[in-house]
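K.L.:
This is the structure, below, for whatever I ask next.
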Amino acid sequence: SRWPSCSLVWPLSPFVPKRFGPYTLLRPVGQGGMAEGFLAQAVGLEGFERLLCVKRVLDEHSNDTELIDHLVDEAKLVSRISHPNVAQVFDLGRVGEQFYIAMEWIDGVDALKLLEACEQREIHVPIAAAAYIVREIARGLEAAHTTTDEEGRPLGIVHRDVTPTNVLLSLEGQVKLIDFGVAKNILRSRQTAVGVVKGKYSYLAPEQARGETVDARADVFAAGILLYELLVGEPLYPGTKAADVVAKARAAKIPSLRK
């Protein structure tokens, strides 16, 4: 595939459902370098059941205080954003030494899988569908960008990782934005060091690729990149070397859509 790796891997060995605190983990749905996700089931009184996505820190990182802080921050952030285009967080907890968050389960695929499937079939995402997906993401981003605290003061939330793997498409046609793990807001006392680039390289706004301070406009720019790729069916910044992709992101030379 020409698309950037989503940095997720799925275990090939069979998975046996098991208890994890108040949840039953049914099957893995993805694993990154720091955390793993599972389709999980919560069981309540009188046979009440609910499917959730449980995201937990890997064992080898259970003592990484910075990572735990990021997970806690993500849960706090998303719990403040109430919008149908942002996947909701229902629970934050710890089982033994493993921290986790329980999130809304979206039965479907992410936008990367949609792009890859179209590439394999040599077809394009319909223009109306591409516009619909990005319109819904823009609505979710607006909700995040305008979220305030209890006294009405803006929280300054910036997602900073609006990429195809963080855009989920449900089988019912819902579009959900996930993974505010690299979001920056005034809840955090520790700020990202100047010059440090966060987010996936292929979807960086120019100022983000330069390691400068970013605001909500960086998310809008990334949504524009996603729209471009859904329409064209090719990556905006092709390349396999991080340095080359970052250089293209800094230059931000956008080819003609008509061409």
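K.L.:
If I ask for residues that are more than 21 Å from the chain's Cα centre (by Cα) and either part of a helix (DSSP H, G or I) or over 26 Å from Ile123 (Cα atoms) (or both), which ones from region 221-259 would you list?
P.N.:
Val232, Lys241, Ala243, Asp244, Ala247, Lys248, Arg250, Ala251, Ala252
K.L.:
Right, another one. Pairs please, first residue from region 231-246 and among the small types (Gly, Ala, Ser), second anywhere and outside any loop (DSSP other than H, G, I, E, B), Cβ atoms under 7 Å, 6+ apart in sequence or on different chains.
P.N.:
What qualifies is Gly233/Cys118; Gly233/Glu119; Gly239/Val245; Gly239/Lys248; Ala242/Tyr201.
Here's the yes/no breakdown for (1) over 15 Å from the mean Cα position of the chain (by Cα); (2) assigned to a helix (DSSP H, G or I); (3) loosely packed, with under 14 Cβ neighbours inside 10 Å:
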| residue | (1), (2), (3) |
| --- | --- |
| Ile68 | yes, yes, no |
| Asp73 | no, yes, no |
| Leu77 | no, yes, no |
| Gly93 | yes, no, no |
| Tyr100 | yes, no, no |
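K.L.:
Which count do you get for residues in region 126-148 that are assigned to a strand (DSSP E or B) and touching a residue at least 12 places away in the same chain (Cβ under 8 Å)?
P.N.:
The number of residues fulfilling the criteria is 0.
K.L.:
What do you reckon, is Glu142 at pLDDT 95 or above, touching a helix residue (DSSP H, G or I) at 6+ places or on another chain (Cβ under 9 Å), surrounded by 15 or more Cβ atoms within 10 Å (Cβ to Cβ) and among the charged types (D, E, K, R)?
P.N.:
yes
K.L.:
Kindly indicate whether Ala117 is more than 19 Å from the chain's Cα centre (by Cα), among the hydrophobic types (A, V, I, L, M, F, W, C) and not in a loop (DSSP other than H, G, I, E, B).
P.N.:
Answer is yes for this residue.
K.L.:
Let me ask you something else. Would you please name the residue that is nearest to Ile106 (Cα to Cα), looking only at residues in region 149-200 that are outside any loop (DSSP other than H, G, I, E, B) and at pLDDT below 90?
P.N.:
Lys184
K.L.:
Which residue is most open to solvent (accessible area, probe 1.4 Å), if the candidates are limited to region 51-66 and must be under 26 Å from Ala144 (Cα atoms) and touching a strand residue (DSSP E or B) at 6+ places or on another chain (Cβ under 7 Å)?
P.N.:
Leu51
K.L.:
Could you say which residue among Ser62, Ser82 is closer than 24 Å to Glu136 by Cβ and of a type in the set (Ser, Thr, Tyr)?
P.N.:
Answer to the selection: Ser82.
The values are calculated or read from the model by the stated rules, or taken from the named source; none is laboratory data. Since the structure is predicted, the reported quantities are computational estimates derived from the model, not experimental observations. Counting neighbours? That spans all protein chains shown, and the Cβs are built from the backbone with ideal geometry, glycine included. These accessible areas exclude ligands, DNA and RNA; they are computed on the full protein's heavy atoms, side chains included. Shrake-Rupley method; radii C 1.70, N 1.55, O 1.52, S 1.80 Å.
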